[in-house]
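The values are calculated or read from the model by the stated rules, or taken from the named source; none is laboratory data. These numbers come from a predicted model, not from an experiment. Quick reminder, even Gly has a Cβ in these numbers, built from the backbone with ideal geometry, and neighbours come from all protein chains shown.
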Amino acid sequence: MPKASVLVVDDSQLARREVVSALGPEYDVSEAEHGAAGLSAARQRRFDVVLTDVNMPVMGGIELTRLLRALPDYASTPIFAITTESSPDLVDRGRAAGVTAWVVKPINPTTLARAVETVLARQAAG
């Protein structure tokens, strides 16, 4: 069985490494350093899950989510916002753009891995 593909988008290399480490070797992980690079990667390849920071230079995660949702291949793809911010207004903006789950940094590696596993299992079940 092929590994699920995950796109991790964050301007912090350390943050990307933490997420990649949390996911472990069970996933085929690609990385992008900002939303525009993430969007480009998503247009070139179909990912099963997208994990994105919210505040990044060039393009933030909410804008990335909005643009991904406009692509047919990403209409129902799980998109996680991973950020230090959790204001109700920002969370509402993220949800309106199509964010599936909101994860506040610092991440709990076990919780993140389980959340990704859960959304992938739901997708597989139809």
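Taking segment 92-126, which residues are farther than 17 Å from LEU23 by Cα and either at pLDDT 95 or above or within 13 Å of the chain's Cα centre (by Cα) (or both)?
Passing the criteria: ASP92, ARG93, GLY94, ARG95, ALA96, ALA97, GLY98, VAL99, THR100.
For segment 94-126, what are the residues that are surrounded by fewer than 18 Cβ atoms within 10 Å (Cβ to Cβ) and more than 16 Å from ALA81 (Cβ to Cβ)?
The answer is PRO109, THR110, ARG114, GLU117, THR118, LEU120, ALA121, ARG122, GLN123, ALA124, ALA125, GLY126.
Anything in segment 1-30 that is farther than 13 Å from LEU51 by Cβ and in contact (Cβ under 8 Å) with a residue 60 or more places away in the chain? List them, or say none.
GLY24
So which pairs qualify, if the first residue must be in segment 80-101 and in contact (Cβ under 8 Å) with a residue 60 or more places away in the chain, the second must be in a helix (DSSP H, G or I) and β-branched (Val, Ile, Thr), the Cβ gap must be under 7 Å, and the two must be at least 6 apart or on different chains?
ILE82/VAL19
I'd like to verify a number: residues in segment 73-91 that are at pLDDT 95 or above and hydroxyl-bearing (Ser, Thr, Tyr), how many?
2
Report yes if some residue within segment 65-73 is within 12 Å of the chain's Cα centre (by Cα), of a type in the set (A, V, I, L, M, F, W, C) and surrounded by 16 or more Cβ atoms within 10 Å (Cβ to Cβ); otherwise report no. Working first, answer last.
So in segment 65-73, the residues within 12 Å of the chain's Cα centre (by Cα) come out as 65, 68.
Narrowing further to those that are of a type in the set (A, V, I, L, M, F, W, C): 68.
With surrounded by 16 or more Cβ atoms within 10 Å (Cβ to Cβ) added as a condition, the list becomes 68.
Yes, segment 65-73 has at least one match.
Give segment 1-14 a look and list any residue that's within 26 Å of ASP73 (Cα to Cα) and of a type outside the set (Lys, Arg), or say none. Reasoning before the result, please.
Narrowing segment 1-14 to residues within 26 Å of ASP73 (Cα to Cα): 1-11.
Matches in segment 1-14: MET1, PRO2, ALA4, SER5, VAL6, LEU7, VAL8, VAL9, ASP10, ASP11.
Please go through segment 102-125 and pick out each residue that is in contact (Cβ under 8 Å) with a residue 24 or more places away in the chain and among the hydroxyl-bearing types (Ser, Thr, Tyr).
Listed by number, the list holds a single entry, THR110.
Filter segment 63-78 down to the residues that are free of Cβ contacts under 8 Å to residues at least 24 places away in the same chain and either in contact with a Leu (Cβ under 6 Å, 6 or more places away or on another chain) or in a loop (DSSP other than H, G, I, E, B) (or both) and list them by number. Walk me through how you get there before you give the answer.
In the first step, residues of segment 63-78 are kept if they are free of Cβ contacts under 8 Å to residues at least 24 places away in the same chain; the result is 70, 72, 75.
Across segment 63-78, the qualifying residues are ALA70, ALA75.
When segment 41-62 is examined, which residues are found to be in a helix (DSSP H, G or I), crowded, with 17+ Cβ neighbours inside 10 Å and of a type outside the set (A, V, I, L, M, F, W, C)?
Of everything in segment 41-62, just one residue is in a helix (DSSP H, G or I), crowded, with 17+ Cβ neighbours inside 10 Å and of a type outside the set (A, V, I, L, M, F, W, C), namely GLY61.
When you scan segment 5-28, do you find a residue that is within 13 Å of the chain's Cα centre (by Cα), closer than 20 Å to LEU120 by Cα and part of a loop (DSSP other than H, G, I, E, B), even just one?
no
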